[in-house]
Amino acid sequence: MFIIYVKEDEGDLSARYQNTLDALSSLITKRGRFASNNQSHRFRLLFHYLKVLELEDAVSQMKIIHVAGTKGKGSTCTFAESILRCYGLRTGLFTSPHLIDVRERFRLNGIEISQEKFVDYFWCCFHKLKEKTSNEVPMPTYFCFLALLAFKIFATEQVDVVILEVGLGGRFDATNVIQKPVVCGISSLGYDHMEILGYTLAEIAAEKAGIFKSGVPAFTVPQPDEAMRVLNERALTLEVNLQVVEPLDSSERLGLQGEHQYLNAGLAVALCFTFLKEIGIEEKNCLNQTNGLPAKFISGLSNAYLMGRAMVVPDLELPEEIVYYLDGAHSPESMEACAIWFSKQIKQNQERNQKRSEQILLFNCMSVRDPSLLLPRLRSKCIDQGVDFKRAIFVPNVSVYNQVGSSSEVATRVESMSWQFGLQRLWESLARGEAKSNARCDSKGNGEDKSFVFSSLPLAVEWLRDNARQSKQVRFQVLVTGSLHLVGDLLRLIKK
């Protein structure tokens, strides 16, 4: 397959790349992400877009692993890609969201696509689609375009395997335009994006099971009974052989941290075993607990890497005084997993380091989340593990929904801080409730001197650094969570 690259703008690569990001941003419709009434219509348009881009045959011939789920789907895809790369396969990985730069969503052989290739592929797709737009057929929305771009990239780069992470839901997700994947996976299900997917686990499971295809094998992890029942019913209807896999043995070393990753790794192993078998590379002892995993599986699992999940990053200015613990958890279940991981990290650090430490929470979540389902779980699980936050900081995200590149400017203020003050009030009410139940109320007021609201993330980071300089005998261990956007904002900020 040959492609003529179109360079949209003269000048250096940086300028052309920024022009490309501006054009991509123009496809964002803020209402569209949360409007469910036109999902079906937008999904049908995807088949027209594939025809315009002359990708119908190429996509139908792709060997694809397709993964949906509420939490863990990105980690599962990352494990699977790393394993299959160890078998010498040329891999294409499409995930979301990105943290710093949109190119993170597209990996070729484990490496994000270069700026030059991204620019060329982007304009090739953008121009073709723009020429065919009309009142009836508008340009694809932001995520739909990115999915189409992924198909264009992977087809032209002639990858051996495509690993697709569903963006949202499954049934009407842009990645579900594929007709015959090799194998499908459903990671852990829970409550998220309920305004689109439904307010019960049964409704959510039905949307996720929308990626099942007739006769295509599928795997899932242990699910709540309500969700499992729906998955089984959908599998039976489509004659899908749906199997439940157990977590990988915890003795295996994983590249992604956290106990919950053994569940994702177990799903990835099952997906890869089935994929390799389907393409004629069979590992007979792959799932044999006696013989253990093949060496290539072990290597793939241990070398997997995914930015923004269970990351430990020292502050660049004060690496001995401030350490950030980054995890983009944003659902009730993932909050608990994050709390367990963070608490374990703190305990291990205390055993190795004699310096006194102080745990601080740096938090924000999107307004579509219910913080009353997030903060209590995070706080109580940490306390159960013996970790208590000394202070909590609430900030707005630096990035906004239409910032897609690493060159986005850091915002210093926002119009309203009402959401952050609401988070602070919730946190303080939790603290007061615990103090009262433990009969140890603080006469000074627990919340007032333990929680803070800053109008920007840069101001919060500067405040942390100022306090660290004044308290050199104390190491600040800062858990940054509640939103992948917040994690990306911090990484972008501290890398400047």
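A few notes on this one:
- The chain, helix-only ellipticity at 222 nm - DSSP H runs n ≥ 4, -39,500 (n - 2.57), divided by all residues, nearest 500: -13500 deg cm²/dmol
- For the chain, a crude dipole built from +1 on the beta carbon of Lys and Arg and -1 on the beta carbon of Asp and Glu, taken about the Cα centre, is about 500 debye to the nearest 20.
- Angle between the chain longest axis and helix 332-352 axis [Cα atoms, degrees, rounded to 10]: 60 degrees
- The packing ranking of peptides 241-248, 466-473, 255-262, 328-335, highest mean first, is 328-335, 255-262, 241-248, 466-473, where packing means the average number of other beta carbon atoms within 10 angstrom of each residue.
- With a Cα cut-off of under 24 Å and a minimum spacing of 8 residues unless on different chains, the lysine pairs in the range 118-258 number 7.
- Between the residues HIS98, ALA227, PHE389, the greatest Cα displacement towards the positive end of the dipole of the chain, with unit charges on the Cβ of Lys, Arg, Asp and Glu, is found for PHE389.
- The alpha-carbon of LYS450 sits under 16 angstrom from the alpha-carbons of these aspartates and glutamates, leaving out residues fewer than 8 places away in its chain: GLU358, ASP388, GLU428, GLU434, ASP442.
- Taking Cα atoms only, the orientation of helix 418-437 departs from the longest principal axis of the chain by about 50 degrees.
- When DSSP beta bridges are restricted to pairs lying wholly in the chain, around 20% turn out antiparallel.
- Mean separation of Cα contacts under 8 Å (6+ apart) over length of the chain, as relative contact order %: 16 percent
- The angle between the Cα long axis of helix 261-278 and the longest principal axis of the Cα atoms of the chain comes to about 10 degrees, rounded to the nearest 10.
- For the chain, the per residue solvent-accessible surface stands at 43 Å², with DNA, RNA and ligands left out and a 1.4 Å probe.
- Carbon/sulfur fraction of accessible area - the chain, other protein chains in place, 1.4 Å, %: 48 percent
- Sorted largest first, the principal axis extents computed over the alpha-carbon atoms of the chain equal 70, 60, 40 Å.
- Between the range 325-352 and the range 73-117, the alpha-carbon centres lie 25 Å apart.
The values are calculated or read from the model by the stated rules, or taken from the named source; none is laboratory data. Quick caveat: nothing in here was measured; it's all calculated off a predicted structure. As a convention, Cβ positions derive from the backbone with ideal geometry for all residues, glycine included, and neighbour counts pool all protein chains shown. When the accessible area is computed, the model is the full protein with side chains, heavy atoms only, and any ligands, DNA or RNA have been set aside. Shrake-Rupley method; radii C 1.70, N 1.55, O 1.52, S 1.80 Å.
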